[in-house]
Amino acid sequence: MVYTVYCELLERIKKEELFYFSDLLNLFASRENDNKIAVDYDGKILEDYASIDNHNSSFIACWLELLAHNAPTSLENIEIELEEITCNEEKYLRLCKETVSQKKMIVYSKQNIKEHQCINDIIIFEEEEINILDKDNALREINNSNSVINNISNSIIAQNNSSVNNSKNQ
């Protein structure tokens, strides 16, 4: 899946929330991960990320370096012109709209969406539905998409602290 990571997420992560870099954002830099981050060919999105100057700057720089190291598998280049768009919210929604498959944008909080109406986690942008995931919902969704699926037949299996009782299987 391809996700649009709104720069507002990187800007607003608090010092006590730095685990979002390891638990969520670094998943995109992992070679075992099938998920990608949408970026534009001209690099405006990556420039936005790199220009964030706050307590997260060193974490963002490290994350960008990891992404660049695994660029073919971490980033999805979208052919779109973003230079003339001055509103960040619109820029990221436009990028998300142009992704081919699902249209999902990860934000710090849906409460911070100011320019567009978000109803039931969806923004209608230029007649397209954009799914908005806050950082916690995105973390759950991406972790679930990376989970191992076991196809087991004719057996009884107990996993993840579960148990099997009174089985008639022989």
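In this label model, residue 62 and residue 136 are separated by 2.5 nm, measuring between points 7 Å along each Cα→Cβ vector.
Pairs over the 18 Å Cα-Cα cut-off, from the set 15/36; 14/104; 104/135; 44/91: 15/36; 14/104.
Neighbours of residue 103 by Cβ distance under 13 Å: Lys/Arg scored +1, Asp/Glu scored -1, total -4.
Packing-based ranking of 25-31, 109-115 yields 25-31, 109-115, ordered from highest to lowest mean Cβ neighbour count within 10 Å. When each of the peptides 2-8, 59-65 is scored by how many other beta carbons lie within 10 Å of its residues on average, the order from highest to lowest is 2-8, 59-65. Obtain the nm distance between the two label points defined at residue 127 and residue 71 by a simple spin-label model: each point lies 7 Å from its Cα along the Cα-to-C-beta direction. So the label points at residue 127 and residue 71 sit 3.6 nm apart. Computed from the C-beta positions of residue 18 and residue 116 and an R0 of 22 Å, the FRET efficiency is 0.15 to the nearest 0.05.
Evaluated at q = 0.17 Å⁻¹, a Debye calculation over the C-alpha positions of the range 2-145 (equal weights, vacuum) places log10 I(q)/I(0) at -0.93. Rg and Dmax of the range 66-134, based on Cα coordinates, read 12.9, 37 Å.
Just so you know, all these numbers are worked out from the coordinates, no wet-lab data involved. The structure presented is a predicted model; accordingly, all values stated were derived computationally and were not measured. Cβ: placed from backbone, ideal geometry, glycine included. Neighbour counts: every protein chain shown.
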